[in-house]
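Data block below; observations after.
What follows draws every value from the coordinates through simple rules; no lab data is involved. Everything numeric in this text was worked out from a predicted model, so none of it was measured. Cβ: placed from backbone, ideal geometry, glycine included. Neighbour counts: every protein chain shown.
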Amino acid sequence: MSEWLVLSIAMAAASAVVLTIVVINNRRLPEDDDPTGTPDVMEYMTMMIGVIYAIVLGLAIAGVWEGRSAAQENVRQEAQALHEIQQRVQVYPADIRERIRADVDAYASYVVHTEWPHMSEHNALSARGTQLFERIRSDVSRYEPRTELEGQTYQPLVEQVAVADDARGARGQNAGATMPGVVWFGLIVGAVVTVGLIFVLQIRRTARELLLAGLFSVLIAFLLFLIWDFDAPYGRGIAATAAPFVDLFPSIGN
């Protein structure tokens, strides 16, 4: 099911539930009910709870967005390090140079076409991707420089392999959801409480009040969806992409 379909269903359901409760609640009110009888302290408490929940939502969205940005930066660092390896090996003998470049291309192609969907489905790196990366490491580290220029290039190449390995490891750690379950519990309970406070203020069945109640519940559902979508940096709609690999290795295709 598409993430956007999930969002539409969630917002429609939230709005429908709230409006249904408002209508049913108003039908049960006695004729002498006074909607102006809400104590001032209740209005103050309702406002403060809404403000506190808004702050919590803002912090949650900022946190998952920062995680998503960090995940994209890890992809960029990994692709850039591999690109540097391809460029620096030009001083090596032709057979060694072409073998390393071929292994890098094979790894980049596998990441884009196979490992990326695997991360989305299994929330982890693939064993085959690790094998292909280790082949690059072996090609670079086991070569014995024969000239002074090759010797000067050898250590930077090893360092670039280490950078790529570190970025790959970070990509694997961020492959799944990062938001703790207890935080989700707090966000959902807070949403229920915040929307429920609509009824404390004795909302009526006028078109204006029903519209505001519906829009408020839809907004809460949309913000929770954003947090859920950003929470898996590589696995959902608004996710980090493999674009750096495609940009730096055009031969692997889209």
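Data for the structure
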| read-out | value |
| --- | --- |
| Nearest-0.05 FRET efficiency for residue 207 and residue 73, computed from C-beta distance (R0 35 Å) | 0.15 |
| Gyration tensor verdict on segment 61-104 (Cα atoms; rounded if a/c is under 1.5, prolate if a/b is larger than b/c, oblate otherwise) | prolate |
| Trypsin sites (Lys or Arg not before Pro) within segment 121-203: DSSP coil, no more than 15 neighbouring Cβ in 10 Å | 142, 146 |
| Span from the segment 50-70 Cα centroid across to the segment 111-167 one, whole angstrom | 35 Å |
| Packing-based ranking, highest mean first, of 210-223, 75-88, 46-59 given that Cβ atoms within 10 Å are counted | 75-88, 210-223, 46-59 |
